[in-house]
Amino acid sequence: MGKVALVTGAGRKNGIGAAVARRLAQEGVDVVLSDICAAPAELPHGGNAAWAELTAVAAKVENMGVSSLALRVDVTQSAEVRKMIAATKKKFGRLDILVNNAGAIIGPSPVRYMAEEAWRRMMEINATGVFLCCQHALPLMIDGGNGGRIINMSSIAAVRPRIYMSAYAASKAAVIAMTQSLAQEVGEFGITANAILPGDVDTGMKQWGMKLEAMVTAQEYDEVLSALVDRIPAGRIGQPEDVAQLVAFLASESAEFITGQAINLTGGRELS
Ligand code: NAP
């Protein structure tokens with residue numbers, strides 16, 4: 001029987017989650033794709049209603065010859081997360097790879113002016129969401145007796161926080177600490193847990209950040225982008241497929257001995 005993966009935050013066709021789902025499908029893995037599918041008005045950075053986008057990503061995955069399941073899930077809601085795992089169990093009977101990718105970012109804000117709600121929301125989505133998905137997925141993974149992989153999306157911001165990004169950085173640092181503690185807890189079941197720390201990846205989230213920077217600094221978007229690329233030793237911005245590639249490796253048999261790690265994926269940006 002083939003492996004089954006669950007990828008949260010997979011509803012944006014140009015996002016990291018969708019690239020991860022496609023990459024795992026390439027490996028013959030069946031994929032559960034979930035996303036909050038927010039209405040445009042709820043999004044800080046606009047965008048369209050994501051359910052259609054999520055099901056389109058799921059259809060693409062199916063076209064690659066594996067099965068998929070698309071679910072509307074807010075990772076901050078334990079009842080929804082519980083149902084997501086139950087639906088995974090019902091359709092596939094197992095879960096081998098959990099990719100906690102769902103995440104959000106808020107605009108820069110000095111701590112003294114930050115809305116308390118904004119801080120709480122960052123922690124809820126980026127940290128509590130990861131905790132809830134792990135908590136509810138683990139019994140299914142452990143009961144399967146086949147070992148497994150947990151891959152949590154942190155950020156380079158966790159270890160190289162930029163000014164005014166305290167809430168996002170703290171929430172992503174929490175992901176690393178949680179992953180490293182969890183790795184010790186689940187090793188006996190043959191499950192590894194690792195965190196990926198992407199740098200700058202060309203997705204809707206990053207583009208929104210660069211547009212904001214362009215506005216605040218009265219520059220063109222392309223100027224912001226090219227100044228960013230100048231600071232990346234690899235000479236380009238990251239692509240969702242770069243992250244997907246690392247996820248596929250961590251999910252593979254070859255990565256059996258890698259656990260509790262926080263792996264930078266930045267093109268070397270943090271060095272410059
Ligand atoms: P993205 O396209 O915005 O993907 C994030 C996805 O998570 C979106 O589909 C978003 O839905 C969804 N989401 C937000 N809140 C959710 C919730 N409560 N429950 C379920 N889903 C929720 O951005 P991305 O760049 O691919 O980000 C993927 C992950 O990588 C995130 O954890 C992000 O923090 C991390 N990361 C990204 C970068 C980068 O440069 N892009 C760098 C470091 C780390 P909506 O769009 O509907 O809100």
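The values are calculated or read from the model by the stated rules, or taken from the named source; none is laboratory data. Quantities reported herein were computed from a predicted structural model and do not represent experimental measurements. Note that each Cβ is placed from the backbone with ideal geometry, even for glycine, and that neighbours are counted across all protein chains shown. The protein model used for the area step is the full one, side chains on, heavy atoms only, and it has no ligands, DNA or RNA in it. Shrake-Rupley method; radii C 1.70, N 1.55, O 1.52, S 1.80 Å.
Separation of the alpha carbons by more than 23 angstrom is noted, of 3/83; 91/206; 3/206; 3/89; 13/211; 3/172, for 91/206; 3/206; 3/172.
Per residue, the chain exposes 47 Å² of solvent-accessible protein surface, assessed with a 1.4 angstrom probe and all protein chains in place.
Straightening the chain between residue 257 and residue 214 buys 11.2 nm, computed as 0.36 nm per residue apart minus the Cα-Cα spacing.
Principal-axis analysis of the Cα atoms of the chain puts helix 129-144 at an angle of about 20° to the longest axis. Approximating the spin labels as points 7 Å out from Cα along Cα→Cβ, the residue 185-to-residue 226 distance works out to 4.9 nm. Think of the range 159-272 as having a plus end and a minus end, set by charges on the Cβ of Lys, Arg, Asp and Glu; of 215, 268, 247, 215 sits farthest toward the positive end of this dipole. Using the Cβ-Cβ distance between residue 116 and residue 249 with R0 = 30 Å, the FRET efficiency computed as 1/(1 + (r/R0)^6) comes to roughly 0.15.
The charge dipole of the range 165-228, taken about its Cα centre with unit charges on the Cβ atoms of Lys, Arg (+1), Asp and Glu (-1) only, comes to about 180 debye. Note on residue 79 and residue 239: with the Förster distance fixed at 41 Å, the Cβ-Cβ geometry gives a FRET efficiency of about 0.70. Relative to the current alpha-carbon distance between residue 86 and residue 27, full extension at 0.36 nm per residue lengthens the span by 18.8 nm. Placing unit charges on the Cβ atoms only, positive for Lys and Arg and negative for Asp and Glu, gives the range 45-202 a dipole magnitude near 100 debye about its Cα centre. Note on the range 1-137: dipole from Cβ charges, positive end direction compared against 101, 127, 29; the farthest Cα belongs to 29.
For the range 129-272, the direction-averaged projected area of the alpha-carbon convex hull comes to 9.2 nm². Using a cutoff of 8 angstrom between alpha carbon atoms and counting only pairs six or more residues apart, the relative contact order for the chain works out to 19 percent. Of the whole protein surface, residue 20 contributes about 0 Å² of accessible area at a 1.4 Å probe radius. Nonpolar atom fraction for the range 123-268, defined as the carbon and sulfur part of the 1.4 Å probe accessible area, stands at 55 percent. Taking the chain as a Gaussian network of alpha-carbon nodes connected by springs under 10 Å, the highest mean-square fluctuation of the residues 76, 217, 179 belongs to 217.
The distance separating the Cα centre of the range 85-123 from that of the range 155-223 comes to 12 Å. Rounded to the nearest 20 debye, the dipole magnitude of the range 100-179 is 320 debye, with +1 charges on Lys and Arg beta carbons, -1 on Asp and Glu beta carbons, and the Cα centre as origin. Shown is the FRET efficiency for residue 109 and residue 146, computed with R0 = 51 Å from the Cβ-Cβ distance and rounded to the nearest 0.05: 0.70.
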